[in-house]
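Asks: Would you mind keeping the following structure in view while I ask a few things?
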Amino acid sequence: MLPEKVEQMLNDQIQKEFYSAYLYLSMSAYLEEKNLKGYAHWFKIQAQEERDHALIIYNYVWAAGGRVKLQAIQQPPVEFDGVEGVLTETLAHEQYVTQSINEIVEAAMEARDLKTVQMLQWFIEEQVEEEDNARNNIDQYRLFGTDPKGLFMLDREMGQRVYTVPAPLANAN
Ligand code: FEO
C-alpha cells in the first residue's frame, strides 16, 4: 500500500512527466519548423525520455499496491522565443520538476514510506543530469549558436543524440 498523500503526489507526477513529454515535443515541432532538424531530434528524444519517466512511476504505483489515475494533460505553448528561449524554458521546467520530485521525497519520508523514497533516488540523480544537460545546451548556444556557421555545427551535434531505455524501464517486465 501507498500512503494516500504519496499516491496522489505520484499520480500528479505522472501527469507532470507526460506534460513534460508534450512540452518537449512541442519544442521539437517549433524547431523543426525553423529547419533546425538536429535540435528538433534532440527534443524529440527528450520527449521520449519524459514519457519513460511517467511510465516508471506508473509501473511503480501499481507494484507498490496503489492505483494509477491518469489526469488531463494541458496544451503546451506552441511558440517560443527562438532557440535560446527554448533552452532557457527547458532549464526552468527541469528545475520545476526537480522541486516537484523533492516534495514527493519529503512527503514519503514524513509518511515513513521508504520504498517510495528509494524509488525516487533514481529520479533525484536523473534530475541532476537533466539540469546539467539543460545548462550545457544554453552555454553552448550562447558560445556558438548566434553565428550561422556555429549554429549549423551545433545543430549537427544535437542531431547525434541516441535514445536509450532508462534502467528502471529496461529492467521492467
Ligand atoms: Fe522527467 Fe526532465 O524530468
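What follows draws every value from the coordinates through simple rules; no lab data is involved. Remember, it's a predicted structure, so these values are computed and weren't measured experimentally. Here Cβ is always computed from backbone atoms with ideal geometry, including for glycine, and neighbour counts include all displayed protein chains.
Asks: Of the conditions (1) crowded, with 22+ Cβ neighbours inside 10 Å; (2) of a type in the set (A, V, I, L, M); (3) touching a residue at least 60 places away in the same chain (Cβ under 8 Å), L31 satisfies every one except a single condition; which number is it?
Replies: (3)
Asks: Residue under question is V97, and the condition is that it be under 20 Å from Y19 (Cα atoms), among the β-branched types (V, I, T), away from the ligand (no atom under 16 Å from the Cβ) and within 19 Å of the chain's Cα centre (by Cα); does it hold?
Replies: Values: under 20 Å from Y19 (Cα atoms): yes; among the β-branched types (V, I, T): yes; away from the ligand (no atom under 16 Å from the Cβ): no; within 19 Å of the chain's Cα centre (by Cα): yes.
In short, no.
Asks: Going by the conditions given, is I138 surrounded by 12 or more Cβ atoms within 10 Å (Cβ to Cβ), hydrophobic (A, V, I, L, M, F, W, C) and closer than 18 Å to E17 by Cα?
Replies: Working: surrounded by 12 or more Cβ atoms within 10 Å (Cβ to Cβ): yes; hydrophobic (A, V, I, L, M, F, W, C): yes; closer than 18 Å to E17 by Cα: no.
The answer is no for I138.
Asks: Considering each of R112, R161 in turn, give the residue that is out of contact with any helix residue (DSSP H, G or I) (no Cβ under 9 Å at 6 or more places or on another chain) and part of a loop (DSSP other than H, G, I, E, B). Walk me through how you get there before you give the answer.
Replies: Working: R161 fails: out of contact with any helix residue (DSSP H, G or I) (no Cβ under 9 Å at 6 or more places or on another chain).
Among R112, R161, only R112 is out of contact with any helix residue (DSSP H, G or I) (no Cβ under 9 Å at 6 or more places or on another chain) and part of a loop (DSSP other than H, G, I, E, B).
Asks: Which of the residues that make up the stretch 72-94 are surrounded by 15 or more Cβ atoms within 10 Å (Cβ to Cβ) and over 15 Å from the mean Cα position of the chain (by Cα)?
Replies: Hits for the stretch 72-94 are F80, V83, E84.
Asks: Which ones in the stretch 112-121 are crowded, with 16+ Cβ neighbours inside 10 Å and not β-branched (V, I, T)? Spell out how you get there, then give the answer.
Replies: At the first step, the residues of the stretch 112-121 found to be crowded, with 16+ Cβ neighbours inside 10 Å are 113, 116-117, 119-120.
Within the stretch 112-121, D113, M119, L120 qualify.
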